[in-house]
Amino acid sequence: MILAYLHERIPVSFFGPLALVLAACALAWPPPPAALALTALAALLLLAQFRIWDDVADRRSDAVTHPDR
């Protein structure tokens, strides 16, 4: 159930490259590969956290609009 939620609401095909771009912007150029990977992972986790917060904040209106979720 959790994996289905993550797959639907946080698609890696969109959020993965976004996290990588954010990580690359946050680091000095050229970033070491290990630092880039760790920073991208941190960015991905933060993006997921804010996406979940957004879903929780919209829970009431989503229950009316999308009762099947």
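The values are calculated or read from the model by the stated rules, or taken from the named source; none is laboratory data. Since this is a predicted model, take the numbers as computed values, not measurements. As a convention, Cβ positions derive from the backbone with ideal geometry for all residues, glycine included, and neighbour counts pool all protein chains shown. To get the accessible areas, we keep the full protein, side chains included, count just its heavy atoms, and leave off ligands, DNA and RNA. Shrake-Rupley method; radii C 1.70, N 1.55, O 1.52, S 1.80 Å.
Here are a few things to note about the model shown:
- Being of a type outside the set (S, T, N, Q), under 30 Å from P67 (Cα atoms) and modelled with pLDDT of 95 or more holds for only one residue in L41, L45, and it is L45.
- Within region 6-19, residues that are part of a helix (DSSP H, G or I) sit with their Cβ atoms under 9 Å from residues that are among the basic types (K, R), at 6+ positions apart or across chains, in these pairs: E8/R69; R9/R51; F15/R51.
- Taken together, L22, L45 contain a single residue that is part of a helix (DSSP H, G or I), surrounded by 15 or more Cβ atoms within 10 Å (Cβ to Cβ), free of Cβ contacts under 8 Å to residues at least 40 places away in the same chain and of a type outside the set (K, R), which is L22.
- For region 25-36, a residue qualifies if it is open to solvent by 60 Å² or more (accessible area, probe 1.4 Å) and in a helix (DSSP H, G or I), and the qualifying residues are C25, A26, P33, A34.
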